[in-house]
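Remarks on the structure that follows.
Taken together, the values in this text are just the output of simple stated rules run on the coordinates, not laboratory data. Just so it is clear, the structure is predicted and the values come from calculations on it, not from any experiment. A quick note on method: Cβ atoms are made from the backbone with ideal geometry, for glycine too, and the neighbour counts reach across all protein chains shown.
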Amino acid sequence: MPEIEKLYEDYTHKRGLSMSLDQFILFAEFFPAVLVIMSDGMMDEQERIYLDRLNTNLANTFEEDGMSREYINKLKLTFDAEFEYLMTHLELWQEIYLNALHEHLAQHPESKEIILDTLHLFASKSQDVDDSENEMIHFLTQRLELA
């Protein structure tokens, strides 16, 4: 069983979530953005706004699957809550997510460019881009083989 599926089963069970594997994979692909946001120890207002937009766009992706607007709104709130949770529990989940993503992205390299673009977007929208954000982007680029 692929690592991303193991992560899906473990994470959704521990968190009591009901989302599909496809929804979880899309969510997980943007976990690295959380690491960039938290690399300086805080989330500023601009990063919060962009994370909210990201979650809205992620949820809206599933509208094409015939999901109702109500379901899409609930999914967006789930993404909001889970990114918040992960920000406060990075020590528990960081390596597990990165290991699963590394394997997943090796099989789905088409996702790498958008992830890397998102990391740069979050760093550029930060009120004070600092070395810690740039170092995290460099680390993630190497760790996930994004470039």
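Here the contact order of segment 1-107, divided by its residue count and restricted to Cα pairs under 8 Å and six or more residues apart, works out to 45 percent. Once you list every other residue whose beta carbon is under 14 Å from the beta carbon of MET1, what net charge do they have if Lys and Arg are +1 and Asp and Glu are -1? Taking every Cβ under 14 Å from that of MET1, the sum is -4.
Could you identify which residue out of ASP40, ASP131, ASP65 has the top mean-square fluctuation in a GNM of the chain using Cα springs shorter than 10 Å? Most flexible of the set in this elastic network: ASP65.
Hey, what D do you get for segment 38-97 in µm²/s if you plug the Kirkwood alpha-carbon radius into Stokes-Einstein at 10 °C and 1.306 mPa s? Don't skip to the answer; put the middle values down first.
Working: Rh = 12.7 Å.
The estimated diffusion coefficient comes to 125 µm²/s.
Taken over the C-alpha atoms, the chain has Rg and Dmax values of 14.6, 43 angstrom.
For the chain, what does -39500 (n - 2.57) per DSSP helix run (n ≥ 4), summed and divided by total residues, give at 222 nm, in deg cm²/dmol to the nearest 500? Provide the component values of the computation, followed by the final result.
Details: 8 runs with 111 residues, N = 147.
It comes out at -24500 deg cm²/dmol, rounded to the nearest 500.
Taking a ≥ b ≥ c as the square roots of the Cα gyration tensor eigenvalues, segment 72-147 comes out rounded, since a/c falls below 1.5.
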